[in-house]
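A.B. asks: Just dropping this structure here.
The values are calculated or read from the model by the stated rules, or taken from the named source; none is laboratory data. Note that the structure is a prediction, hence the values are computed from the model and not measured. Cβ coordinates were reconstructed from backbone atoms using ideal geometry, including for glycine residues, and neighbour counts include every protein chain displayed. Accessible surface is based on the protein model in full, side chains and every heavy atom, while ligands, DNA and RNA are left aside. Shrake-Rupley method; radii C 1.70, N 1.55, O 1.52, S 1.80 Å.
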Amino acid sequence: MSHVHDIFDKIKQRDPAQPEFLQAAWEVIETLEPVIERNPHMRELAVLERILEPERMILFRVPWMDDTGQVQVNRGMRVQFNSALGPYKGGLRFHPSVTLSIIKFLGFEQIFKNALTGRPIGGGKGGSDFDPKGKSDGEVMRFCQSFMTELFRHIGANVDVPAGDIGVGGREIGFLYGQYKRLSRQWEGVLTGKGQGWGGSLIRPEATGYGLVYFVREMLKARGEAIDGRTTVISGSGNVAQYAAEKILDYGGTVVTMSDSSGFIHDPEGIDRAKLDWIMDLKNVRRGRIREYVKEHPGATFHEGKRPWSVPCEIALPCATQNEIDLEDAETLVNNGCFAVAEGANMPSTPRAIEVYEAGRIAYGPGKAANAGGVATSALEMTQNAQFDRWERERVDAELDRIMTEIHAQCADAAAEFGHEGDLFVGANIAGFLKVANAMLDQGVV
Ligand code: GLU
């Protein structure tokens with residue numbers, strides 16, 4: 001049996017009930033065989049085995065009182081996966097589907113994503129099975145305060161720097177930060193995605209979506225294509241989807257769908273700037289559902305319980321959640337003429353879907369490369385906080401663009417070097433892995 005199969009068998013035996021983690025782990029290690037062959041010392045020093053086991057996992061109870069006076073109990077967690085390159089860095093996800101498997105898959109991907117940004121950040125992830133949907137601001141605040149009352153002792157600006165993810169936006173980061181400051185008596189860059197008036201970086205809210213489209217621009221450029229005049233299908237309607245749509249419009253593309261967990265809206269005329277502003281207000285201010293779009297925009301249709309992949313497009317940007325494109329969805333996309341898929345969400349494509357992209361030779365930007373702009377800009381926020389400084393919007397945006405262009409180049413170069421020309425999936429894994437593995441080798445058996 002090959003080295004990577006052998007290792008995968010061991011982690012399967014250790015954590016048989018963690019399907020998402022096993023999926024994320026296999027996606028990476030299956031592409032690393034040639035790297036290990038070229039670097040046999042990595043095998044002796046068990047680099048793969050070590051990288052697959054988190055440095056530390058913290059699980060804790062989060063009790064809080066709801067508006068009726070009933071006490072609720074959720075589970076909180078933080079997986080501090082790898083600190084070879086810097087303090088643990090990665091978001092917090094608040095969603096009822098959160099399990100240790102989900103947080104481990106996200107934390108594992110984060111290691112390589114963060115390495116690709118070229119910034120000094122390790123990988124971590126955390127969250128809770130708490131569902132902010134339908135909760136009052138007071139309930140969300142009490143939950144966040146209880147969550148941070150345990151988490152604060154495990155994090156710090158040079159230790160572990162959480163941020164947002166699904167269910168954790170500006171409001172939650174504010175409540176979490178307030179409680180951290182109160183308990184630690186430190187005003188420091190311990191969280192990113194902070195408010196613009198109190199340590200947050202300009203462009204951080206836009207960064208994942210903008211960065212995704214900068215990555216798409218590079219990916220298409222390498223094939224002599226461009227976004228201008230192309231039709232884009234986007235899933236999700238949160239922060240990533242909104243700003244991806246905005247940047248697609250800036251580059252002259254058309255966006256025809258957006259979605260949430262109840263279904264998708266299809267606007268064949270295109271979601272223009274004014275319609276996108278309406279969506280931003282609906283989601284960010286009124287906290288409404290995407291189906292409301294069709295009442296306001298009669299040319300559009302709502303498709304209950306469906307995902308948007310059957311709508312013909314040239315570019316697909318999954319920006320909702322994991323495993324949202326399966327084998328059939330991928331086949332439909334490719335058969336309808338889609339030639340580029342770039343992932344704003346983490347692991348939105350199933351392994352079978354990825355096989356379809358690869359067989360169809362379409363441009364495929366895996367999440368750990370294509371959506372790295374969010375965490376890269378978080379690292380720029382950390383830099384500004386450490387310098388007690390605040391950069392102009394243009395400076396942050398230019399730096400984000402440079403980082404995304406550089407990530408694309410690194411992935412393309414690594415793919416070519418290992419005989420997989422044009423395969424950014426393999427390239428992202430290898431380029432990210434080599435940075436982390438080399439740092440681990442330098443730092444001894446820890
Ligand atoms: N949750 C985002 C991600 O998946 C951002 C993490 C961060 O900014 O630390 O990369």
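A.B. asks: Give me the dipole magnitude in Debye, nearest 20, for the chain about the Cα centre, with unit charges on the beta carbon: positive for Lys and Arg, negative for Asp and Glu.
C.D. replies: Values: 49 positive and 61 negative charges, 306 e Å.
About 1460 debye.
A.B. asks: First select every other residue whose beta carbon is under 10 angstrom from the beta carbon of residue 74; then total the charges, Lys and Arg +1, Asp and Glu -1. All intermediate terms of the calculation are to be shown ahead of the outcome.
C.D. replies: Details: positive: 61, 75; negative: 129, 131.
So the surrounding residues net to 0.
A.B. asks: Right, here's the next one. Top to bottom by accessible area (1.4 Å), largest first, where do 281, 160, 67 land? Please report the intermediate quantities before stating the final value.
C.D. replies: Numbers: 281 60, 160 0, 67 95 Å².
Largest accessible area first, the residues go 67, 281, 160.
A.B. asks: Continuing with this model, one more query. Let's test this: bin the Cα-Cα distances of the chain at 20 Å from zero up to the farthest pair and state each bin's percent.
C.D. replies: With a bin width of 20 Å, the distribution comes to 27, 60, 14, 0.
A.B. asks: Compute, for the range 87-220, the length of the dipole vector about the Cα centre, with Cβ point charges of +1 (Lys, Arg) and -1 (Asp, Glu) only. Units Debye, rounded to 20.
C.D. replies: With only Lys, Arg, Asp and Glu charged at Cβ, the dipole is about 240 debye.
A.B. asks: Which whole-number value in Å² is the accessible area per residue of the range 341-432, probe 1.4 Å? Intermediate values should be presented prior to the final figure.
C.D. replies: Values: 3320 Å² over 92 residues.
That works out to 36 Å² per residue.
A.B. asks: Continuing with this model, one more query. How much mean residue ellipticity at 222 nm does the chain get from its helices, if each DSSP H run of length 4 or more adds -39500 (n - 2.57) and you divide by all residues, to the nearest 500 deg cm²/dmol?
C.D. replies: On the way: 18 runs with 210 residues, N = 446.
-14500 deg cm²/dmol, from helical runs alone.
A.B. asks: Also, I was wondering about something else. Under 8 Å for C-alpha pairs, at least 6 residues apart: give me the relative contact order for the chain, rounded to a whole percent.
C.D. replies: Working: 916 pairs, mean separation 69.2, N = 446.
16 percent.
A.B. asks: How are the Cα pair distances of the range 91-242 distributed, in percent, across 10 Å bins from 0?
C.D. replies: 10, 35, 35, 14, 5, 0
A.B. asks: Order 405-411, 415-421, 241-247, 47-53 from most to least packed using the mean count of other Cβ atoms within 10 Å.
C.D. replies: Numbers: 405-411: 21.4, 415-421: 15.6, 241-247: 24.6, 47-53: 19.3.
Peptide ranking by packing, descending: 241-247, 405-411, 47-53, 415-421.
A.B. asks: With the dipole of the chain worked out from charges on the C-beta (+1 for Lys and Arg, -1 for Asp and Glu) around the Cα centre, which of 197, 279, 123 lies farthest toward the positive end?
C.D. replies: Most positive-ward Cα: 197.
A.B. asks: Kindly rank 206-214, 378-386 from highest to lowest mean number of other beta carbons found within 10 Å of each residue. Before the final figure, lay out each step's value.
C.D. replies: Numbers: 206-214: 27.9, 378-386: 22.1.
Listed from highest to lowest mean packing, they are 206-214, 378-386.
A.B. asks: Still on this structure: Report, for the chain, the % of DSSP beta bridges that are antiparallel, rounded to 5. Could you put the intermediate results ahead of the total?
C.D. replies: Details: 26 of 46 bridges.
Taking every DSSP beta bridge within the chain, about 55 percent pair in antiparallel fashion.
A.B. asks: While we're looking at this one, here's another question. In percent, what relative contact order does the range 148-257 have, based on Cα pairs under 8 Å that are 6 or more apart in sequence? The partial results should precede the final answer.
C.D. replies: Values: 126 pairs, mean separation 23.2, N = 110.
Computed value for the range 148-257: 21 percent relative contact order.
A.B. asks: Taking the Cα centre of the range 60-107 as origin and charging only Cβ (+1 Lys, Arg; -1 Asp, Glu), how large is the dipole, in debye to the nearest 20?
C.D. replies: The calculated dipole for the range 60-107 is roughly 280 debye.
A.B. asks: Next question, about the same structure. Restricting the count to DSSP beta bridges whose residues both fall in the range 220-361, what percent are antiparallel, rounded to a multiple of 5? Present the calculation step by step, with values, prior to reporting the outcome.
C.D. replies: Numbers: 8 of 18 bridges.
Given both bridge residues lie in the range 220-361, the antiparallel proportion sits at roughly 45 percent.
A.B. asks: Probe radius 1.4 Å, ligands and nucleic acids ignored: give me the carbon and sulfur share of the accessible area of the range 301-428 as a rounded percent.
C.D. replies: On the way: 2400 of 5000 Å².
Answer for the range 301-428: carbon and sulfur cover 48 percent of the accessible area.
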